[in-house]
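This report refers to the structure that appears directly beneath it.
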Amino acid sequence: MSWLKKAASDTQITHGNRIWLYVFAAIVMILLVVPTLIVIPMSFSDSQYLEFPPSKWSLRWYHEYLDSPKWMRATVKSLQIGTLTMLVATPIGVAAAYALFVSGHKAARLIFMFLITPMIVPVILIAIGAFYVFGQIGINNTVFGIVLAHTALAIPLVMIVTTSALRNYDLNQERVARSLGAPRIKAFFLITLPQIKFSVMTSALLAFLTSFDEVIISIFISGGVNATITKHMFSALRDYIDPTIAAISTILVIVSTVLLLTTQYISSREKKKK
Amino acid sequence: MANNVNNEPQIESALPITVKNLTKTYGDMYALNNVDVDIKSGEFLTLLGPSGSGKTTLLMAIAGFNRPDSGSIKFGGNEMILTPPHKRDVGMVFQSYALFPHMTVAENVAFPLKLRKVNAAEIKERVATALETVQLGELGNRDIDQLSGGQRQRVALARAFVFKPRILLMDEPLSALDKKLREQMQIELKQLHRQLGVTTVYVTHDQREALTMSDRIAIINGGEIVQIDTPDVIYNSPSNSFVADFIGESTILPLRADASGKLLFENQPISDGPPENMHDNGKGWALVVRPERVFISDESTSGDENVVSFDGIVKEFVFQGDSAFALITVAEKHELSVRFGTNSASFQNALQSGDKISLGLNLSDITIIPGDE
């Protein structure tokens, strides 16, 4: 066990001294990840009920999901709403982050705080509020309404990611571009945007994920033909439990993980460029 | 210097800048207070001042990046106050260079030409010429992060003049370079200015840089231009104690007027009266002594009526290689800075603190300024 006696860092602490820390970290990771991962084997079960570990393996619940028009419609809806949310929230969030970053006005910080409140306020409050307001103006159960509510949730993420990218950017570049003959808007698109593009892409993916994973608001204001997949999953869990949910969950976990890994990859490329 | 003002050939390539009554406030602080400057066509003017003096604010106002509260900025007779930066046709170099890292060297330099819809063949040719001019002919295809600090500086410069602007603005462009490279670039910039003939406004807080490069220097303090003149006049005849203190080393000694109006330093007559072109601020008068103009006097100069003599005691003496620096106590309460040239002979008997010493100063090297107290 010579590894235990090796130095673990620049100080002379050995791996042996650190072993309690490794165990602790492992427990934390297990607690965080296992509840998510446990659905994966369950989804490949042949059983009528959710069962772990599965006694017999099969893909029947994936077939169940893929062959169900109801599930497919909800999935397409969720993808559609996620994409629209991304397309609306990204330009608004980037523009707001840019304006507030550049302005230096006293009110800029206040407006920034105001715009990121949807991230701080409990989502259930936003959901209840949206339900009543949208009810008044008649946009509950519409794609427009859901996209609107999800956009409010996504804008703070876009703003935070974009602002941190702008902090690492020398605004004099835009000034130079303007002095060299570029109108301001052109200077932004030719000089500033290309240099924060990875962060903008990351924020767009996060905006999509915010909408695609969102349950609470969807439960309140999406329904009928415009119900999202998460809303359907919630209803399905309430009414009857079958492993289709596990199959869908597995797919969602994989989609979310891939998107998150993509954002990580994108931001690591941006760092490398610097 | 004077040949830059010759008109005919330069009229094409340069524009005069006329700044009048320019005022800019931030809250109740005056960044610029009623500033007037006339910058001649083709001139190299340096705005020199301590940080926070308003020199950068003035430069940014000329570039169009901040909007003055009142006043006028004219380029060759055309009012520019309301013209956005991209329509002012001004080349600009920033301290941080602000090169575009997502473009190659050549693409950076081509940027202003592309915006002006110059055709591709001409762009190629002009970019090549500009890069030749700054001695980077080979590096067009490099990425920005492959360049050294000095090379970046040159790219920023090439990008700023490639579109033949008639005004060039530079905001402390050399301050990020090390001393040797900075001094080399100062000479190169000066040569480049002569070659291009473009009206240049240069901001720096480095007085030596200002003296090296400028046709004229405008000393700015507290949002006002304190003195504007050629480097030798600024150095030899500072108009007040701020300029005397800010430019070069100096000792400022208080003068006393006697009944007849003569100015005396500790009973020693210096001048028959205050200089006529100086504004009397009611605070008396003072004498500016440049350390290198003071010499050790001997028999040959004693009694010479063109020489003022001081007797003093050496307080500190420091050998600094190309010169030696001494602090000398004069008339018991004033400390005079003195700088001597060095050669091996004179330092065999180097001064010791406590030594008595007799100093001389030619009357022609004396500058009288309004007093401070």
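Scanning segment B:138-153 for residues that are free of Cβ contacts under 8 Å to residues at least 24 places away in the same chain and either assigned to a helix (DSSP H, G or I) or within 13 Å of another protein chain (Cβ to nearest Cβ) (or both) returns B:Q146, B:Q151. Answer yes if at least one residue in segment A:254-267 is crowded, with 17+ Cβ neighbours inside 10 Å, more than 21 Å from A:L50 (Cβ to Cβ) and within 14 Å of chain B (Cβ to nearest Cβ), and no otherwise. Within segment A:254-267 (the criterion being crowded, with 17+ Cβ neighbours inside 10 Å, more than 21 Å from A:L50 (Cβ to Cβ) and within 14 Å of chain B (Cβ to nearest Cβ)), the answer is no, since none of the residues qualifies.
When the residues of segment B:90-115 are filtered to those that are open to solvent by 10 Å² or more (accessible area, probe 1.4 Å) and among the aliphatic types (A, V, I, L, M), which remaining residue is farthest from the other protein chains (Cβ to nearest Cβ)?
My answer is B:A106.
Scanning segment B:11-65 for residues being farther than 16 Å from B:E79 by Cβ, free of Cβ contacts under 8 Å to residues at least 60 places away in the same chain and acidic (D, E) gives a total of 2. Given the conditions (1) closer than 27 Å to A:G223 by Cβ; (2) within 24 Å of the chain's Cα centre (by Cα), and given that A:S68 satisfies all but one, which numbered condition is not satisfied? For A:S68, the exception is condition (2).
Of the residues in segment A:31-43, at least one is open to solvent by 90 Å² or more (accessible area, probe 1.4 Å), modelled with pLDDT of 80 or more and outside the structural domain of A:D242 (by TED's automatic domain parsing).
Exactly one residue among B:G71, B:G49 is open to solvent by 20 Å² or more (accessible area, probe 1.4 Å) and either away from every other protein chain (no Cβ under 14 Å) or among the hydroxyl-bearing types (S, T, Y) (or both), and that residue is B:G71.
Applying the selection to segment A:161-175, what residues are assigned to a helix (DSSP H, G or I), open to solvent by 40 Å² or more (accessible area, probe 1.4 Å) and either within 11 Å of chain B (Cβ to nearest Cβ) or not basic (K, R) (or both)?
Once the filter is applied, which keeps residues that are assigned to a helix (DSSP H, G or I), open to solvent by 40 Å² or more (accessible area, probe 1.4 Å) and either within 11 Å of chain B (Cβ to nearest Cβ) or not basic (K, R) (or both), segment A:161-175 yields A:S164, A:R175.
Name the pairs: first residue in segment A:175-195 and in the same structural domain as A:A96 (by TED's automatic domain parsing), second residue of a type in the set (S, T, Y), Cβ to Cβ under 6 Å, at least 6 apart or on different chains? Within 6 Å, the pairs are A:Q195/A:Y169.
Where in segment B:173-273 are there strands (runs of 3 or more DSSP E), lying fully within it, with 1 or more residues that are open to solvent by 50 Å² or more (accessible area, probe 1.4 Å) and either at positive phi or not charged (D, E, K, R) (or both)?
Working: elements: B:199-204, B:216-221, B:224-229, B:251-257, B:263-265, B:268-271.
Here the list reads B:216-221, B:224-229, B:251-257, B:268-271.
Of all residues in segment B:134-148, those satisfying the criterion of being open to solvent by less than 80 Å² (accessible area, probe 1.4 Å) and farther than 16 Å from B:Q184 by Cβ are B:G137, B:L139, B:G140, B:D143, B:I144, B:L147.
Residues in segment A:224-244 that are under 21 Å from A:L59 (Cβ atoms), surrounded by fewer than 16 Cβ atoms within 10 Å (Cβ to Cβ) and without any contact (Cβ under 8 Å) to a residue 60 or more places away in the chain: A:Y240 only.
The values are calculated or read from the model by the stated rules, or taken from the named source; none is laboratory data. Please read these numbers as outputs of a predicted model, since none were measured by experiment. Cβ coordinates were reconstructed from backbone atoms using ideal geometry, including for glycine residues, and neighbour counts include every protein chain displayed. Accessible surface is based on the protein model in full, side chains and every heavy atom, while ligands, DNA and RNA are left aside. Shrake-Rupley method; radii C 1.70, N 1.55, O 1.52, S 1.80 Å.
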